[in-house]
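Notes follow once the structure below has been shown.
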Amino acid sequence: MKSRISPNGVHLFDRHSGLNILLDELCPEEAVWSMSPRQVSIALTNVCDLHCAYCYAPKHKASLHTDQVLGWLKELDAEGCLGIGFGGGEPTLHPDFVDICKRAAGETQLAVTFTTHGHRLTPRLVERLKGSIHFTRISVDGLGRTYEEQRGKQFASLLRGIESIATLSPFGINVVVNKRTVSELDAISELAQKVGASELLLLPQQATTTVASMDGVVGRALQDWVSSYRGKVRLAVSEVGASGLPTCDPLPDERGLQSYAHIDASGVLRESSFSPDGAKIGDVGVLWALKQLRNTV
Ligand code: SF4
């Protein structure tokens, strides 16, 4: 098991089972707290073959280099990071995606996860990734026609992607919550249970240049749905959209950059993918950029 020293105690984590144990009888001094965020998401590339209106990924072409990413992962791993999540854009479009995942799993103790739209998960790709991925997230923004109108891809193709993911690793379903998808949450949670997903991650829609944030009416419908939810699949919600929803945080003293950071496809470290502030990582390393960012936010 990997250990992390935090303001809440000593945190043990097994990337294979997903088991977390918090020894909260221990109160480590600040001087020994792990310096890395607990989780880091990394946009390997901005490139994507879909054009979702609510996509917040930057649209300029940028991708990270494999050796650069591995160097950052080793730094984060040594300083108590528990897991990384590759995203984008569509991370499977990065030319070295398989190699990066294999090396991340083989050369670090990090849990390796990625988020995908699911339409490129051929049996060959899944076979090459096996053994290197600890958790996968697939985006399911509505069912049938709703999905096809939101994502511009066939729902049948998504279902094939979900079938492939189920053979790769434990997985969760992500749903952007907006006025189209909120009324389909029951059906999406039923699908999640049927296909064996272990988590349903709610992502209340955030404003982009083409769409507005989830409005109050949808927000109240989401709150009502969460309050009456009796499904078996665990619910989670993005921090940026959690306001008004009942959440539980087992690590309440790990705040901001102690708990999470994002690296974009241009190699800039940010508090989140929505945050305007950032620190360029460059050759000096991710921990140096982290210090810089802590001084500015
Ligand atoms: S699939 Fe994801 S990265 Fe691609 S356009 Fe849609 S939201 Fe953006």
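The values are calculated or read from the model by the stated rules, or taken from the named source; none is laboratory data. Because the structure is a prediction, the values reported are computed rather than measured. Methodologically, a virtual Cβ is constructed for each residue, glycine included, from the backbone with ideal geometry; neighbour enumeration extends over all protein chains shown. In case anyone asks, the SASA skips ligands and DNA or RNA and just uses the protein heavy atoms, side chains included. Shrake-Rupley method; radii C 1.70, N 1.55, O 1.52, S 1.80 Å.
Things worth noting here:
- The slack in the chain from L26 to E148, taken as 0.36 nm per residue of separation less the alpha-carbon distance, amounts to 38.9 nm.
- Residue with peak Gaussian network fluctuation, the chain [Cα springs, cutoff 10 Å], from G161, G172, G106: G106
- Here the chain carries DSSP beta bridges of which approximately 35% are antiparallel, counting only pairs with both residues inside.
- Dipole magnitude (debye, nearest 20) for the chain, charges at Cβ of Lys, Arg, Asp, Glu: 780
- Proximal lysine pairs, the chain, alpha carbons under 26 Å, eight or more residues apart or interchain: 25
- Relative protection proxy for 276-286, 139-149, from highest mean packing down: 139-149, 276-286 (other beta-carbon atoms within 10 angstrom).
- Helix-derived mean residue ellipticity, 222 nm - over the chain, DSSP H n ≥ 4, -39500 (n - 2.57), to 500: -8500 deg cm²/dmol
- The chain shape via C-alpha gyration tensor axes, a/c threshold 1.5: rounded
- Per atom type, the stretch 2-296 shows carbon and sulfur on 51% of its accessible surface, probed at 1.4 Å.
- For the stretch 2-296, the per residue solvent-accessible surface stands at 48 Å², with DNA, RNA and ligands left out and a 1.4 Å probe.
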